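What follows is a single structure, written as C-alpha cells, with notes after it.
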Amino acid sequence: MSVLTLDRLSVTLRTRSIFSNVSLRVAPGEFVGLIGPNGAGKTTLMRAALGLIPSTGRSSLAALTARDRARAVAWMPQSREIAWPIPVERLVALGAEAAGHSPTGRAGQTAIEAAMSRMGLTSYKGRAASRLSGGEQARALIARALAQDTPLLMADEPIAGLDPAHQISTMEVFAALAAEGRAALVSLHDLGLAARHCTRLVLLAEGGILADGTPAEVLTPENMARAFGVSVWHRQTGDGPIFQPLEVL
C-alpha cells in the first residue's frame, strides 16, 4: 500500500528538462525527506506529483479528482505570507474544511484543536494571522495542513525561517505523524535535521533520483560530493546521528 506512487514522472519547463523518469513510492509510516541542490527540481517534483503543473508519466495523486485529492494529501507550499487578517483559528480551520469537515462539527473541531496544539498555537487562536511573525505564520500554515488530517502531508521547505527550537519541534511533529501511521514528504535543506528525524531520504540531483534509502545510506561522502560538492562529517552517537557539511570541494 502506498499514499503516493510516481511512475516515470518527467517535467520539462520552457524547453528545459528539470528531471525525467522519476519513480517513487511513499508508504504509510514514512517520513521522507526530499533533498538536493538548488535547482534540482524538488519543488517542481512535488507540484507535478500534485498535478499542479504539466508532466508526463503518472502520479497517483494527480490522477484523483480535486475533492478526492484534498482528502488524500495536505499541501504546504513555500510561499507563506498571509496577507489578510483572518484569526489564526479560522486559518487553521480552512484545512479541516478542505477535507470536507465542518469546523464546528466534532471531527473538524478535534482536528483544528489538535493541529494548533501540535504547533504550539493554542494561545494564538484569536490573533490576526497577518500580524504574526514570519516564523509564527509558517507554524500556522503547517497547522492548517495538519488540520486537513490526510494520510499524506507534503511540505516544501516547512522549517525555513523557523528558529532552532521550532525547527526541531516541527520535525518531531512530522516524525510523530509517521509513527502514527500517516506519511510525510518534506523538502529540506538542513541535512543535519534530515539525518536525525527522517526515516528515509530521496536525493534529487543530475536530472533524477541519485539516491534513495535511509539517511545513512544516502548521506554518504560520495553522494554529498557528487550532489552538493561538499565534504561532510557523519557519525552515529549516543545522542543520535550527527551530520555536518564541512568544506566546498
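The values are calculated or read from the model by the stated rules, or taken from the named source; none is laboratory data. Bear in mind the structure is a predicted one, so any value in this text is a computation, not a measurement. Note that each Cβ is placed from the backbone with ideal geometry, even for glycine, and that neighbours are counted across all protein chains shown. Calculation scope for accessible area: heavy atoms of the full protein, side chains included, ligands and nucleic acids excluded. Shrake-Rupley method; radii C 1.70, N 1.55, O 1.52, S 1.80 Å.
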Table column - 3J(HN,Hα) (Hz), the range 181-187, Karplus curve with 6.51, -1.76, 1.60, x for Gly and Pro: x, 8, 9, 9, 10, 10, 7
If you filter the range 147-249 for GluC sites (Glu not before Pro), then keep DSSP loop positions with at most 10 other Cβ within 10 Å, what is left? Glu180
Would you tell me the accessible area of Ile209, worked out with a 1.4 angstrom probe on the heavy atoms of the protein chains, in Å² to the nearest 10? 60
Carbon + sulfur, % of accessible area of the range 101-249 - ligands and nucleic acids excluded, 1.4 Å: 51
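Sort Asp156, Asp239, Asp7 by heavy-atom solvent-accessible area, probe 1.4 angstrom, most to least. Kindly include the intermediate steps, with their values, before the conclusion.
Working: Asp156 0, Asp239 125, Asp7 75 Å².
Of Asp156, Asp239, Asp7, the descending order of accessible area is Asp239, Asp7, Asp156.
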Can you list the HN-Hα couplings for the range 128-142, worked out from phi with the Karplus curve (6.51, -1.76, 1.60; θ = phi - 60°), rounded to whole Hz and with x for Gly and Pro? 6, 4, 5, 9, 6, 5, x, x, 5, 4, 4, 5, 5, 6, 5
Arg182: net charge of surrounding residues, Cβ under 10 Å, Lys/Arg +1, Asp/Glu -1, itself excluded? -3
Just need the relative contact order of the chain here, percent rounded to a whole number, with Cα pairs under 8 Å and 6+ apart. 23
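Based on DSSP H runs of at least 4 residues, each adding -39500 (n - 2.57), what is the mean residue ellipticity at 222 nm of the chain after dividing by all its residues, to the nearest 500 deg cm²/dmol?
Roughly -10500 deg cm²/dmol at 222 nm, from the helical runs in the chain.
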Per the Kirkwood formula on distinct C-alpha pairs, the Rh of the range 1-137 is how many angstrom? 17.0
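Between the DSSP loop rule and a limit of at most 15 other Cβ atoms within 10 Å, which GluC sites (Glu not before Pro) in the range 62-111 are left? List each step's numbers first, then the result.
Numbers: sites: Glu81, Glu89, Glu97; in loops: Glu81.
Those satisfying the criteria are Glu81.
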Vicinal HN-Hα couplings computed from phi for the range 190-195 (Karplus, 6.51 cos²θ - 1.76 cosθ + 1.60; Hz; Gly/Pro x): 7, 6, x, 5, 4, 5
